[in-house]
Amino acid sequence: MKEILDAIIIGGGPAGLNAALVLGRARRSVAVIDAGQARNRVTQKAHNFLTREGVSPSEFRRIAKEQISAFPSVQFVEDTAASVEGSDGSFQVTTSDGLVLRGKKLLFAVGKKDLPLDLNGLSEVYGKTAFVCPYCDGWELRDQPLVLIVNGARALHLAQIITGWTSKYTICTNGPDEMTDEQRQELQQHGVPVYESPVQRIESQDGIVQRVVLQDGNQIECRGIFFSPKLSIGSELPQSLGCEINELGTVVVDERARTSIPGVFSAGDAASEYHQAIAAASLGALSAVSINSELAMEAWNKQGIE
């Protein structure tokens, strides 16, 4: 592809799609590279997105692309970005299929990906009755007996907030609890059962959790699970280009979504700990405004010199 695009967006989730919409309406030439392997594809419905409450992730993307298609300067590339090189004003992205795209600005909207968890039976219930975020899926499990598979400070935090949805819950730390004495005491004072024995298996029927069986023989009846995922950034490309990454595996950005590399931006779950679709979309819009502003100022300054 010989054309030099205004921006190349790697990732077609809520962040990348909303960025494409804003840039398309700003009359910028944009390519969105995405292979369609979203992290939330295992879930049946997305929540907390005004006007799209309960929509499936696939339907959300279909509607988004349909609306973006009204702006002809935006194109979609169904592929995976394999390599990135270049600098501000002249980036080159090569896809797995060998397509080469060039762009002035680059946006990483690559999200996060789940690392495998050694929990026998989790895959059968994940996205049906086992989730990672009570804000996203707590309503569907309200007043049900739940198991929280989590340890450390996160266990106390989740126990505190889950009470808005149910008072019937048990913590399974799946091994050493990794809590302080103060955290253990606080959970005990609130009558929260805590089991340290590793999880042997999760039993379910048609995606509905029945019980969590521990290695010490305890069986905890429940109808839902919230667990703490292990995440990594959705692509190694930000690191390969030199973007600063923090200890959580998140791309470090400033208030305008700019990374440590000039001309490179990041948005959505890749650059935030607010893992909700509406937050990702908002950050995608912000990044697009920043990209457009830089392009506009560069053109303005160039015209002034000429």
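For the chain, the relative contact order comes to 22 percent (Cα pairs under 8 Å, sequence separation of at least 6).
Output the antiparallel fraction of DSSP beta bridges having both residues in the range 159-216, as a percent to the nearest 5. Intermediate results must be reported in sequence, preceding the final value.
Values: 6 of 8 bridges.
Roughly 75 percent of the DSSP beta bridges within the range 159-216 come out antiparallel.
Long hydrophobic helices in the chain: the complete DSSP H runs spanning 20 Å or more by Cα along their own axis with mean Kyte-Doolittle hydropathy of at least 0.5 are 277-305.
Stokes-Einstein diffusion for the chain, with the hydrodynamic radius set to the Kirkwood value over Cα pairs and evaluated at 37 °C in a medium of 0.692 mPa s, equals 157 µm²/s. Number of Lys-Lys pairs in the chain with C-alpha atoms under 24 Å apart and a separation of 8 or more places or on different chains: 20. Note that the range 1-72 presents 51 Å² accessible area per residue, ligands and nucleic acids not counted, probe 1.4 Å.
Counting Lys and Arg as +1 and Asp and Glu as -1, what is the net charge of the other residues whose Cβ lies under 15 Å from the Cβ of Arg211?
On the way: positive: Lys168, Arg201, Arg223; negative: Glu124, Glu203, Asp206, Asp216, Glu221.
Net local charge, Arg211 excluded: -2.
Annotation: the antiparallel percentage among DSSP beta bridges lying fully within the chain is about 45.
Of the accessible area of the chain, computed with a 1.4 Å probe over protein heavy atoms only, carbon and sulfur atoms account for 49 percent. Per residue, the range 184-276 exposes 51 Å² of accessible surface when a 1.4 Å probe is rolled over the protein heavy atoms with every protein chain present.
If each DSSP helix of 4+ residues adds -39,500 (n - 2.57) and the sum is divided by the residues in the chain, what number results at 222 nm, nearest 500 deg cm²/dmol?
On the way: 8 runs with 85 residues, N = 306.
That calculation yields -8500 deg cm²/dmol at 222 nm.
The spacing between the range 93-141 and the range 2-59, judged by their C-alpha centroids, is 13 Å.
If the chain between Ala82 and Asn218 were fully stretched, how many nm would it gain, using 0.36 nm times the residue separation less the Cα-Cα distance? Before the final figure, lay out each step's value.
Working: separation 136, 0.36 × 136 = 48.96 nm, distance 4.68 nm.
Working it through step by step, the gained length comes to 44.3 nm.
Report, in whole Å, the centroid distance computed from the Cα atoms of the range 235-306 and the range 169-211. Here the answer is 39 Å between Cα centres.
The values are calculated or read from the model by the stated rules, or taken from the named source; none is laboratory data. These figures come from a predicted structure and were not determined experimentally. Cβ atoms come from the backbone with ideal geometry, glycine included; neighbour counts cover every protein chain shown. When the accessible area is computed, the model is the full protein with side chains, heavy atoms only, and any ligands, DNA or RNA have been set aside. Shrake-Rupley method; radii C 1.70, N 1.55, O 1.52, S 1.80 Å.
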